[in-house]
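A short write-up of the structure that comes next.
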Amino acid sequence: MWNGRDRTEVTCIACGEAVPRSSAREYDKHGDRWTREDKEFEHLCKSCHQELCHQPRGDLEALLADIDTAGSRERFLERYVELVEAEGDRRSQE
């Protein structure tokens, strides 16, 4: 368990800077940082964390994880649009 005396360094996933764990902010791509069992968190340095939009993102991370990233940038964007439009259609039918 983390405590204030932890001297380990972590790498910011946004800028790549190595910072002391005590100076970093945890990032949970599933949006549930309170459920901690069997998880490894990614980290952001304080300046990158402050630059983030702290508005709810709904299921954005799940949507991005569903997209096959092995293809080209164009294919990634096409797939993103397909999934977003399908979700919009599903919600409008409810």
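So how many residues does the stretch 68-94 have that are assigned to a helix (DSSP H, G or I) and either acidic (Asp, Glu) or surrounded by 13 or more Cβ atoms within 10 Å (Cβ to Cβ) (or both)?
Residues of the stretch 68-94 that are assigned to a helix (DSSP H, G or I), as a first pass: 73-93.
This time we only want the ones that are either acidic (Asp, Glu) or surrounded by 13 or more Cβ atoms within 10 Å (Cβ to Cβ) (or both), so: 74-76, 78-80, 82-83, 85, 87, 89.
Final tally of qualifying residues: 11.
Can you work out which of the residues in the stretch 24-67 that are at positive phi and among the small types (Gly, Ala, Ser) is surrounded by the most Cβ atoms within 10 Å (Cβ to Cβ)? Talk me through it step by step, then tell me what you get.
Start the filter on the stretch 24-67 by keeping residues that are at positive phi, which leaves 31, 38, 58.
Next, only the ones that are among the small types (Gly, Ala, Ser) stay: 31, 58.
On the way: Gly31: 14, Gly58: 10.
Filtering the stretch 24-67 for residues that are at positive phi and among the small types (Gly, Ala, Ser), the one surrounded by the most Cβ atoms within 10 Å (Cβ to Cβ) comes out as Gly31.
Considering only residues that are farther than 23 Å from Ala62 by Cα and in contact with a helix residue (DSSP H, G or I) (Cβ under 9 Å, 6 or more places away or on another chain), which ones fall in the stretch 17-46? Give the steps one after another, and end with the answer.
Applying the first criterion (farther than 23 Å from Ala62 by Cα) to the stretch 17-46 yields 17-24, 45-46.
Passing the criteria: Glu17, Val19, Ser23, Ala24, Cys45, Lys46.
Would you be able to tell me the number of residues in the stretch 22-79 that are at pLDDT below 75 and among the small types (Gly, Ala, Ser)? Explain how you work it out, then say what you get.
Initial filter on the stretch 22-79 (at pLDDT below 75): 29-33, 53-57, 68-70.
Then drop every residue that is not among the small types (Gly, Ala, Ser), which leaves 31, 70.
Summing the residues that are at pLDDT below 75 and among the small types (Gly, Ala, Ser) in the stretch 22-79 gives 2.
Working only within the stretch 10-23, note down all residues that are farther than 14 Å from Leu52 by Cα and either aliphatic (A, V, I, L, M) or free of Cβ contacts under 8 Å to residues at least 12 places away in the same chain (or both). Spell out how you get there, then give the answer.
Step one: filter the stretch 10-23 for residues farther than 14 Å from Leu52 by Cα, giving 10-11, 16-23.
Hits for the stretch 10-23 are Val10, Gly16, Ala18, Val19.
The values are calculated or read from the model by the stated rules, or taken from the named source; none is laboratory data. Predicted, not measured: the structure shown is a model, and the values here were computed from it. Positions of Cβ are generated from backbone atoms using ideal geometry, with glycine treated the same way; all protein chains shown enter the neighbour counts.
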